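One structure is given here, and the rest of the page talks about it.
The values are calculated or read from the model by the stated rules, or taken from the named source; none is laboratory data. None of these values were measured; they are calculated from a predicted model. For neighbour counting, all protein chains shown are included, and Cβ atoms are generated from backbone atoms with ideal geometry for every residue, glycine included.
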Amino acid sequence: MPHASATHRRHSLFRPLLLAVAGALVATATLTLPHLTPDASAATTLRGYADGRGVKIGAAVGDGPLTSDGSYASVLDREFNSVTAENAMKWDALEPSRGNYNWAAADRLVSHAAAHHQGVRGHTLVWYSQLPSWLKNGGFSASQLNTILKNHIDTTVGRYKGKIYAWDVVNEAFNEDGSMRGSLWQDKLGTGYIANALRWAHAADPAAKLYINDYNTEADNAKSDALYALAKQLLAQGVPLHGIGFQSHFTVGQVPSSMKANLKRFSDLGLEVSVTELDIRIPMPASSAELAQQSTDYKTATENCLGVPRCAGVTVWGVSDRYSWVPGTFSGYGAALPYTESYAAKPAYTGLSNGLNPNA
């Protein structure tokens with residue numbers, strides 16, 4: 001999952017030929033960017049369509065804009081029935097020094113969500129990145145590290161018991177070839193840390209849905225095959241795994257053709273599936289053709305999940321391009337979210353809306 005300065009992802013930046021063709025066809029077209037006013041009918045908002053289908057439409061939320069940008073909060077509360085902390089619940093933010101927790105930003109989000117009748121996805125308990133220096137450089141033994149991990153999960157999940165409907169318990173545990181990613185956890189504790197983390201989280205809040213979350217697993221490929229094998233193994237062992245999160249950080253025109261079938265095979269295991277971090281980046285400056293393709297991609301990605309049994313919903317990784325992580329991570333790319341920097345709804349908004357609306 002992204003951070004404003006993240007550099008760890010390695011996605012394809014191939015720009016498909018179809019965009020060049022589409023650009024030629026619509027070079028003279030003018031796209032009207034619709035804007036929903038704050039008093040728009042609730043039934044025609046993203047939230048209204050999602051509520052009508054009994055699913056979540058979520059957004060990753062930054063503490064800064066939530067507390068300082070009224071337009072950001074207004075769009076968030078009108079359009080989304082679920083929120084995910086972009087950074088406030090990651091380990092470096094929560095426990096910057098050992099045993100000393102800073103709950104302020106996470107508490108603000110949970111309180112805001114409760115006041116606006118939004119669910120909260122917890123993100124994330126065990127990740128290789130954004131670890132505080134005391135943990136990353138502490139030289140702990142396997143036994144000490146196991147205790148530290150259990151205490152962190154007990155404390156964090158316990159604090160929000162009954163207030164968070166789902167947790168991304170383990171995040172980005174695999175390499176692209178399907179092998180286990182080397183990390184503080186994998187290297188010291190072995191793959192068993194995943195089952196332990198799920199068990200500890202379940203003990204701390206038995207009602208929360210527990211997820212493994214990863215990127216580049218949307219297609220049927222070596223990485224998703226490995227994730228599927230792990231999920232089957234954990235379920236066979238009685239480990240409390242309830243869902244799989246597919247991050248879905250895409251490049252325009254590159255929603256995988258096998259996405260729906262791939263999500264379905266996880267659903268067929270009895271697991272929830274969710275799109276957890278959807279954004280679709282465009283080479284800048286974005287053309288009319290690319291914005292139109294992005295709209296189609298948002299619709300397709302949403303329908304790929306909602307067309308599968310046990311899809312719990314879709315979360316986009318941000319609200320507005322004003323605060324997107326994409327330009328700082330993928331040089332030359334941007335315009336990845338449904339709203340412009342000035343909170344005008346883009347064609348992507350229409351695509352997302354149509355993906356949620358069964359009558360579109």
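Numerical summary
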quantity: Selection count where residues are small (Gly, Ala, Ser) and within 15 Å of residue 210 (Cβ to Cβ), scope the range 125-161; calculated: 1
quantity: Within the range 319-345, considering residues that are assigned to a helix (DSSP H, G or I) and among the β-branched types (Val, Ile, Thr), the one farthest from residue 66 (Cα to Cα); calculated: 329
quantity: Filter result (out of contact with any Lys or Arg (no Cβ under 8 Å at 6 or more places or on another chain) and either assigned to a strand (DSSP E or B) or of a type in the set (S, T, N, Q) (or both)) within the range 57-84; calculated: 59, 60, 61, 68, 71, 74
quantity: Subset of the range 242-273 that is hydrophobic (A, V, I, L, M, F, W, C) and closer than 20 Å to residue 179 by Cβ - its residue that is surrounded by the most Cβ atoms within 10 Å (Cβ to Cβ); calculated: 246
quantity: Lone qualifier among 22, 88, 27, 42 - being modelled with pLDDT of 95 or more and either at positive phi or among the small types (Gly, Ala, Ser) (or both); calculated: 88
quantity: Residue within the range 258-270 that is in contact with a Ser or Thr (Cβ under 7 Å, 6 or more places away or on another chain), in contact (Cβ under 8 Å) with a residue 12 or more places away in the chain and part of a strand (DSSP E or B) present; calculated: no
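Yes/no per residue for (1) of a type in the set (A, V, I, L, M, F, W, C); (2) touching a residue at least 24 places away in the same chain (Cβ under 8 Å); (3) surrounded by fewer than 16 Cβ atoms within 10 Å (Cβ to Cβ):
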{"site": "116", "(1), (2), (3)": "no, yes, yes"}
{"site": "124", "(1), (2), (3)": "no, yes, no"}
{"site": "142", "(1), (2), (3)": "yes, yes, yes"}
{"site": "165", "(1), (2), (3)": "no, yes, no"}
{"site": "177", "(1), (2), (3)": "no, yes, yes"}
{"site": "199", "(1), (2), (3)": "no, yes, no"}
